[in-house]
1. Nearest 5 is fine: what % of DSSP beta bridges in the range 1-158 come out antiparallel, could you say?
2. Past 24 Å, Cα to Cα, is the threshold; run Lys70/Lys224; Lys2/Lys224; Lys2/Lys179 against it and keep the listed order.
3. Given the options Ser17, Ser186, Ser78, which has the most mean-square fluctuation in a GNM of the chain, springs set between C-alpha atoms less than 10 angstrom apart?
4. With springs only between Cα atoms under 10 Å apart, run a GNM on the chain and tell me which of Asn12, Asn77, Asn24 wobbles the most.
5. On alpha carbon coordinates alone, what is the Rg over Rh value for the chain, Rh being the Kirkwood radius?
6. For the chain, modelled as a GNM with alpha-carbon contacts under 10 angstrom, which of Val209, Val67, Val89 fluctuates the most?
7. Take the alpha carbon gyration tensor of the range 1-126, find the square roots of its eigenvalues, order them as a ≥ b ≥ c, and report rounded if a/c is under 1.5; if not, report prolate when a/b exceeds b/c, else oblate.
8. Please work out the C-alpha center-to-center distance from the range 5-38 to the range 50-89 and express it in whole Å.
Amino acid sequence: MKIGVVSDVHGNLEALSAVLEFFNRRGVQQVLCCGDIVGYGPDPVACIELLQQAGVRGVAGNHEWGVLGKTPLARFNSLAVLGINWTRVQLADKHRFYLDGLPLIFRLGPLHVVHGEPADPAEWEYVFSLDDADEQMGAFFTDICLIGHTHIPLVAERVAKQGTRIVKKDDFFIRDDAKYLINVGSVGQPRDGDPRAACVIIDLNEKQVTFYRVEYDICRTQEKIRKAGLPEELAFRLAQGR
Ligand code: ZN
């Protein structure tokens, strides 16, 4: 079975559509989402509806909780607050209901899905480094924990009795004697310097994990951001991948 994984879509419909079409061409049977469907981007409603239509399963991110008033806006930077307040106005009750129904933890077979950190998903802490990842390895009991939140792809592997290391490959096989913390990067607002949408395919039969970058029409998304009256910085950063 092939699982496609997305995270941090952030209302970027062009990026999400491109990734879901890519998954279709690759024979992905189920898509999982690590949260932050909304916030920053100009198409929160269309992204929610597309994920629903595609039968995507997953968890809430801090931007969902911000929009719903479940995380105080004081915990967000000023750009994020502008995006959250703008998004609130766009959503109908049925969209809020959908976002409110997203759990903090989702499990599918060997996969454990959270937005930020498995140890305490509602705290929205970031996993950036090897030390951060190592601290989290005891906080999930499946082979693989899938996360997003930093918008920067990362793979940490803990082999029994050997400690944790960073895997610097875009394509690797899952070892039977290891567990993995995998940050899949961001579909709608990458911050690792590559502006293309980030996503992952996990082939559970082959025990293979592959990272991909998918091109999409960034200019179109930028135009929509400007038209919506969202801050120019949100359009600018998409082309930078920062
Ligand atoms: Zn995010």
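The values are calculated or read from the model by the stated rules, or taken from the named source; none is laboratory data. Not measured: the values here are computed from a predicted model. In this analysis, Cβ positions are derived from the backbone assuming ideal geometry, glycine residues included, and neighbour counts consider all displayed protein chains. Quick note on the areas: whole protein, heavy atoms, side chains included, nothing else; ligands and nucleic acids left out. Shrake-Rupley method; radii C 1.70, N 1.55, O 1.52, S 1.80 Å.
1. Values: 3 of 12 bridges.
Roughly 25 percent of the beta bridges in the range 1-158 run antiparallel, per DSSP.
2. Values: Lys70/Lys224 28 Å; Lys2/Lys224 33 Å; Lys2/Lys179 19 Å.
Beyond 24 Å between Cα atoms: Lys70/Lys224; Lys2/Lys224.
3. Top of the fluctuation ranking is Ser78.
4. In this elastic network of the chain, the residue with the biggest mean-square fluctuation among Asn12, Asn77, Asn24 is Asn77.
5. On the way: Rg = 16.8 Å, Rh = 17.7 Å.
Expressed as Rg/Rh, it is 0.95.
6. Comparing Val209, Val67, Val89 in a Gaussian network model of the chain, the most mobile one is Val89.
7. Details: a/c = 1.92, a/b = 1.30, b/c = 1.48.
Since a/c reaches 1.5 but b/c is at least a/b, the shape of the range 1-126 is classed as oblate.
8. Here the answer is 17 Å between Cα centres.
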